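Peer 1: Attaching a single structure in C-alpha cells format; questions to follow.
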Amino acid sequence: MAAWRFVHTGNRFPAENMAIDEAIMNAHRQGEVPPTVRFYGWNPATLSIGCFQQADKEVDFGALRELGLGFVRRATGGRAVLHDEELTYSVIVSERYPGIPANVAEAYRILSRGLLIGFRKLGLDARMTGHDEDGVERPSSRAALTAACFDAPSKYELVVDGRKIAGSAQMRAGGVILQHGSILLELDDEKLFSVLRFANPDVKQRMQTLFGRKAAAINDCFRRKGMPPVTMPLVEQVFRGSFAEGLGAELIEGGLIPAEVELADRLVSEKYANDSWNYRR
Amino acid sequence: MSTVKPGLGYTEEHEWAEAGSGSVKIGITDFAQNQLGDIVFVEFPQIGQAVEAGQPMGSIESVKTVSELYSPVTGTVTKVNEALLDSPELVNSDPYGEGWIAEVEVDGDAGEIVKKLLSADQYEAFSK
C-alpha cells in the first residue's frame, strides 16, 4: 500500500493556512515529501475568497471587521467560504502519481472518495453528484453564480438529501494538484451572508433562502433526524480513516519539514498576508 | 474525442501556437479544455509582459480547478483576447478559434519558432 504523509497543523491564522498548503505543494514537487493529506482549522474564523473573485465587490469588509473574522484570498478557484466550525482538509499529490486521472473532474472524484466514505461512516446518506443524470444542474458561467460557495452542487459534489455538504476547490501548478475543502460541522448562513455584498437587501434575502435550501452542515443533518450532534474529535478520526481508504493509501503521521516551514513563513509575508495578493482584484 | 488542428505547434502542457508575421497566437488545445471542464475565468498576462517558453504566463479557472497557462514561446505579449472577459466559455466552444488567449511578439521567424514545437501529429500521439 502506498505511504502518504498525514499532518495536522491545528487552528492557524488565515494567511498561514494558505501558505502551508502552497509550501507542501512545492516540497512535493521537489520530491522532498510524499503526497500529503493535511487537516487544519482557523483562528480566527475566516472568510476566504476564490483566486479570481473581486474582493471589494463581493465582501463587506466593515462587517467582517465587526465580527472579528479573518480574511484571505485562496490560490484555488471557487467562491467565498466562511471557515468556522469545520474541519478543513487538503490533499496534495503530483498529477503523475499512479492512479491520479488527467481529467479534472475524474481527479476530483478520486480525491473526494475519502469524503464520501467519511460522511457515510458518520451515518449520513451522502452521495456524489454524477454528470447530469441526477438532475442537478451545473452552473455554466460565472454570471449564474452567487458570491457564496456551497450554493450550487456541481459535478462530483457531495450531497446529503440534495444539499451540498462539503465544498472543495482545486488548483494545479507545476504538475502538482492541491485540493482543499471544508467539512462543515455547523453552518452559520446568517454570518456568511452578513459579510457578503449584494445589489440590494431583497437579492440578499433571496440568495440566503436559496442557500439555506442547497447547503447543509453535518450537524444540521443529524438535528433534522433528531440525533445528537457529532464532535470535532470524532469527525477528525472518521475522516482520517476514510481519506486513507478513499486514496488506497496508508496515512503516516508526520510534521512539516523545515523547508516547508521556511517557505510557508515567506509566503505569509510575501503573499497571503499581503494586500497586493488579498486585494489584487 | 478531442480535435487537433493541423498546421499549429503544440506543447506537452497542452497549449497551441500559430505563427503570424513576427508574432505567435496562443491558446489551449481541445484536449485541455475537455480535461478542465467549463471555463469560468482566464487570467491574462499583461500587455508588454515578457514571457518565456515553458514558463507560466497566466491562469485558467474552470468550475473545478485553477490551472496555470504556460507560454509555448519566448517573447513579449502584444494582445490578449478580451472577448474572454465576458465569455470565457469561448475557450470551451472554439479553442482554436474565438477562444484564443494571447498573442506574443517573437524575436526571429515566427514560423520557424512554431516548427520547433510538437507537430499536430506528435501532439495527437502525445495526448492519446
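Peer 1: Kindly provide the set of residues from the stretch B:26-54 that are over 14 Å from B:P95 (Cα atoms) and polar (S, T, N, Q), ordered by number.
Peer 2: Selection gives B:Q46, B:Q49.
Peer 1: Looking only at strands (runs of 3 or more DSSP E) that lie completely in the stretch B:33-78, which have at least 3 residues being more than 8 Å from chain A (Cβ to nearest Cβ)?
Peer 2: B:56-62
Peer 1: Quick check on my filter: what residues within the stretch A:204-230 are under 11 Å from A:L187 (Cβ atoms) and touching a helix residue (DSSP H, G or I) at 6+ places or on another chain (Cβ under 8 Å)?
Peer 2: If the condition is that a residue be under 11 Å from A:L187 (Cβ atoms) and touching a helix residue (DSSP H, G or I) at 6+ places or on another chain (Cβ under 8 Å), then A:F211, A:G212, A:A215, A:I218 are the ones that fit.
Peer 1: Please name all residue pairs, on different chains or six or more residues apart, with Cβ atoms under 6 Å, provided the first residue is in the stretch A:209-222 and is in contact (Cβ under 8 Å) with a residue 40 or more places away in the chain and the second residue is assigned to a helix (DSSP H, G or I).
Peer 2: Between residues of the stretch A:209-222 that are in contact (Cβ under 8 Å) with a residue 40 or more places away in the chain and residues that are assigned to a helix (DSSP H, G or I), the close pairs are A:F211/A:D189.
Peer 1: Please specify each residue of the stretch A:61-81 satisfying the condition of being at pLDDT 95 or above and away from chain B (no Cβ under 14 Å).
Peer 2: Of everything in the stretch A:61-81, those that are at pLDDT 95 or above and away from chain B (no Cβ under 14 Å) turn out to be A:F61, A:G62, A:A63, A:L64, A:R65, A:E66, A:L67, A:G68, A:L69, A:G70, A:F71, A:V72.
Peer 1: Tell me, which helices (runs of 4 or more DSSP H) lie completely within the stretch A:10-107 with 1 or more residues that are more than 29 Å from A:M207 (Cβ to Cβ)?
Peer 2: Ranges flagged: A:14-29.
Peer 1: Sticking with this one: Can you give me the number of residues within the stretch A:28-51 that are among the hydrophobic types (A, V, I, L, M, F, W, C), buried (at least 21 other Cβ atoms within 10 Å of the Cβ) and under 30 Å from A:G248 (Cβ atoms)?
Peer 2: 3
Peer 1: Residues of the stretch A:156-208 being at the interface with another protein chain (Cβ under 9 Å from one of its Cβ atoms) and either without any contact (Cβ under 8 Å) to a residue 40 or more places away in the chain or surrounded by fewer than 20 Cβ atoms within 10 Å (Cβ to Cβ) (or both), which ones?
Peer 2: Scanning the stretch A:156-208 gives A:A173, A:G174.
Peer 1: Moving on. Does A:G226 satisfy being within 30 Å of B:Q55 (Cα to Cα) and either surrounded by fewer than 17 Cβ atoms within 10 Å (Cβ to Cβ) or free of Cβ contacts under 8 Å to residues at least 40 places away in the same chain (or both)?
Peer 2: When the stated conditions are applied, A:G226 does not pass them.
Peer 1: Read through the list (1) more than 13 Å from chain A (Cβ to nearest Cβ); (2) within 21 Å of B:S127 (Cβ to Cβ); (3) touching a residue at least 12 places away in the same chain (Cβ under 8 Å), then give the number of the only condition that B:S2 fails.
Peer 2: Among (1) more than 13 Å from chain A (Cβ to nearest Cβ); (2) within 21 Å of B:S127 (Cβ to Cβ); (3) touching a residue at least 12 places away in the same chain (Cβ under 8 Å), the lone unmet condition for B:S2 is (1).
Yes/no matrix, rows are residues, columns are (1) closer than 20 Å to A:Y272 by Cβ; (2) within 12 Å of the chain's Cα centre (by Cα):
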position	(1), (2)
A:N43	yes, no
A:L47	yes, yes
A:F52	yes, no
A:L64	yes, no
A:L67	no, no
A:F71	yes, no
A:L82	yes, yes
A:E86	yes, yes
A:E95	no, no
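The values are calculated or read from the model by the stated rules, or taken from the named source; none is laboratory data. Small disclaimer: the values here were computed from a predicted structure and weren't measured. A quick note on method: Cβ atoms are made from the backbone with ideal geometry, for glycine too, and the neighbour counts reach across all protein chains shown.
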